[in-house]
Structure formats: C-alpha cells, structure tokens
Amino acid sequence: MVRVPEMTTVFDDTTAPPTDPNGVAVDPIEVSRVASKTGYKLQGADAVVGSYRKMTITLVASTNVESYRTVLTQVAGDLSRVTGLQVTVAAGTTTSTASAPGVIRFVVSNSMYGSATCGGSTSWIGCGGYGAKTVPSGKQLITSGQIAVKPAMRQQPAIYTTGIVREIISHELGHVFGLAHFNGTYGGAYQAMQSDWHNRSYRGYGSGDINGLKAMSTVKSYAKRDFDCDGRADTFALRADGTLVMTPGSGAAAYTAATGWTWAAQILTPGDLDGDSMPDLIVRTASGDLYRFDGSCNGRFATYTSGKIGNGWNMFDYIAASADFNGDGMADLIARKPDGTLWMYSWHKTAFGAALQIGHGWQQFTALSLGDYNGDHHDDLLATRADGTRLLYAGKGNATGSFFLPVAY
C-alpha cells in the first residue's frame, strides 16, 4: 500500500520480467482478491462503487515521457469506445504530481510518487492506482488516478515491444478505474487484467474487462441533485443581493454557495453535464444567456467553469431542467413559449441539441413544475390552472418527450 497526500490510494502493479524473459510471474496479491464476478474483480474487496466518467491523462515531465503519448492516446481511445467512460490525453506536460479531481497522472520513474514499492513489491515495471473519496454508503468513488512506468521499459525494447507496452498501460489504466487482477480466461480469452503478461502481444480489453469498466462508469451513490455528496438532494435559492444559498438535504444549516450573482435570473439543476458524475448548475441571465457551473462536491461555485452554453432563452416564459426526460441518460431542458408551445432540448455532452416541440396549448396553465411525481423514475409535468386545478402529465421517458393523458392531482 502506498499512500499519497490528500488521496485514498490503492496501487497494484505489472510485475517486471524475471531473469528468463519466458518465465511466468503471477502477482501474489491475486490470492487475496475478491471472488470472481462476470469476468473481472474489483480492488479492495469491492470497496469501490464507481468512478468519475470523465478523466484526463496528464503527462508528468520525466525521461522519455513524450514517447508514451501515442500509446496512451490509443489506450484511452480503446477504453472510451467500449465503456461509458470519457478518457482523453492532455496536451503538453506538467511538473505537478499532486492529485486533482478528474486527472490521471502518468510518469516515467523508478518510484511511484516517492515509494520504490508497488503492491508490496519492488519488482514492478508498471504501477497504477486511484484516488477516491468516501460516499455515504461507506464505499469509494474513484476521482483521480496515477500510473508510473520504469525507465527500463524504453531501455529494453526487445522485451518491451510496442504491443507489450500497450498491454501494460491498458492493464494499469484498468487498475486506475478500480479493477483488480483477473487470471485465467473469460469468454475463452485472457483479459487485459491478467497479471501474467509476458510475451503476449496487445490483446486489448476483453469482455470481462469491459464488464468491470462499465460497472465502474455507473455511479449509484449520488442523488441527481446532490451537490455536497452526502447522498441527499439539495436545493438553491438566489437572494436579491446576488447571494446563492444552498440548503443541504441532510437538514444541516444553509450556507453561501456563491456571491455577486446579481446578473442571474434563474438557477437550474439538470444533474451531471460534464460526465464527472457530479451534478452541475445551469444559470440563466435576464438577457437569455445560459452558463454552466460544474459541481465539485463542496456545494460552492465561483466562476463560469465552462462558459456560455446558450443564448436567446429569454424567448421562453418557463424553463425547467430534467436529469433525463427522454431516456437517453443525459440532461434535458423543458421550455414553454408565451404562445403555449412546449419544447425539449437534449444535452449532448457539450451542448444542447436542436429543439423538439413536445406540446401546444400550455398557455392555459399559470404554473408548471417538473419532477417525478408518480414514482416511476421518469420526470413528469405538474400543471396548475388559475382556478387552482392541477393536472399531472406523466412523462413516458421516450425520445419524443411524450406524456400519458393527464390525471387530476
């Protein structure tokens, strides 16, 4: 076990080859791992519950580190294509080895950030691990990662061929996302998480590896509007002086989440927009511009962390956010124009797509409220007339944003 400041870190390793390159090295740590799942195992006796879905690999300035950029990009692409994860490689290098949310540090070194051991052994060539935070269930959510490879990897090209290097980095990236070693075969094939990699060309992630990576890309511990990561949905209020106040769902005292937001006209809570598993905010200005603010588990916001994501939204007299109205797993906005037409805008990773009209005649209602009112896990619209009559339009959660016939509520 190697401990890095400000991180809860579990490391595992790819064992360096023995004197005879044809030998077989099996990591003894494998003996203590959890029971086999559907072709994969998890680190720490199933302590991990998921990971950020969006991670960036950053190269730490070190000997020959740039020579790994191509293979890192290939492996990141491999992993992203077969899972719901979004893994990219940042341009340039950094001198910082400190952990950061959403960042995987890659370094060429004989030590894993200060320690010569990895997985309890000094006989390693590659080492990978993750940083995590504890969630309400007591499990761990992976938020960052680290990979180190020894300089010997480039010094012995006859042993560490291009295919072997790519396989080792695939293996270590699997550790970053919480996978433990899985020896033997699954689906008739060896997996990238097999601890014996010697003299094997690049295979890529097997079906068992993919099962595990997909499991890690799904976070079940957070409410869709849980901004302080305590497992409960929170609410916001904007004061006249521009102070944004968050009231925790735990019942704890309300506190200031931002100041100086006199420019803000509406606060929307759509859920996760940037793929890091944390809920985010959308703020509409009086002039109709939309800005995104990324959540970070502390319930506080300071700057436009992603810039403007829309304009012209002052054409609507009602706007509401849904974590997923049309069943595609992404956030949506529901908006009404003064003429009574109702429109749905679906989020597509970085921006909202084209508007889709989902209704008309909605000007008859003086108030609209969006939420899951019937407990079927699809958002509904609760519409109120001037006389106080309320009708519930249950959402179907389909691509067209359609409703069931209204019922009195």
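FYI, it's all coordinate maths here, none of it is from the lab. Everything numeric here is computed off the predicted structure, so don't read it as measured data. In this analysis, Cβ positions are derived from the backbone assuming ideal geometry, glycine residues included, and neighbour counts consider all displayed protein chains.
The H on the amide N of Ala257, modeled in the peptide plane, is under 5 Å from the matching H of Leu244, Val245, Met246, each at least 5 residues off or on a different chain. Length gained on full extension, His348 to Thr162: 63.4 nm, using 0.36 nm per residue less the C-alpha separation. Phi angles of region 63-75 translate, via the Karplus equation with coefficients 6.51, -1.76, 1.60 and θ = phi - 60°, into HN-Hα couplings of 4, 6, 4, 5, 5, 9, 4, 4, 5, 5, 5, 5, 5 Hz per residue; Gly and Pro are given as x. Using 0.36 nm per residue and subtracting the Cα-Cα separation, the extra length available between Asn298 and His360 on full extension is 18.3 nm. If R0 is 45 Å, the Cβ-Cβ spacing of Ser287 and Thr400 corresponds to a FRET efficiency of close to 0.90.
Between Ile309 and Ala61, residue separation times 0.36 nm minus the direct Cα-Cα distance comes to 85.9 nm. Residues whose amide H lies under 5 Å from that of Ile57, counting only those 5 or more places away or on a different chain, are Thr88, Val89, Ala90, Ile104; hydrogens are built 1.01 Å from N in the peptide plane.
In order along region 339-349, the phi-based Karplus estimate (6.51 cos²θ - 1.76 cosθ + 1.60, θ = phi - 60°) of 3J(HN,Hα) comes to 7, x, 6, 10, 10, 10, 10, 9, 7, 10, 6 Hz; Gly and Pro are listed as x. Once you have a ≥ b ≥ c as the square roots of the Cα gyration tensor eigenvalues for region 226-301, tell me rounded if a/c is under 1.5, and otherwise prolate or oblate according to whether a/b is larger than b/c. Note, shape of region 226-301 comes out oblate. Taking amide H as placed 1.01 Å from N in the peptide plane, the amide H of Ala47 sits under 5 Å from none that are at least 5 places away or on another chain. In terms of packing, defined here as the mean over residues of other Cβ atoms within 10 angstrom, the peptides 287-295, 149-157 line up highest first as 287-295, 149-157. If R0 is 51 Å, what FRET efficiency do you get for Asn374 and Gln155 from their C-beta distance, rounded to 0.05? Once rounded, the FRET efficiency stands at 0.20. Phi angles of region 279-293 translate, via the Karplus equation with coefficients 6.51, -1.76, 1.60 and θ = phi - 60°, into HN-Hα couplings of x, 10, 10, 10, 10, 9, 8, 4, 7, x, 7, 10, 10, 9, 10 Hz per residue; Gly and Pro are given as x. Specify the inter-centroid distance of region 367-409 and region 93-145, based on alpha-carbon positions, in whole Å. The two parts, judged by their Cα centres, are 46 Å apart.
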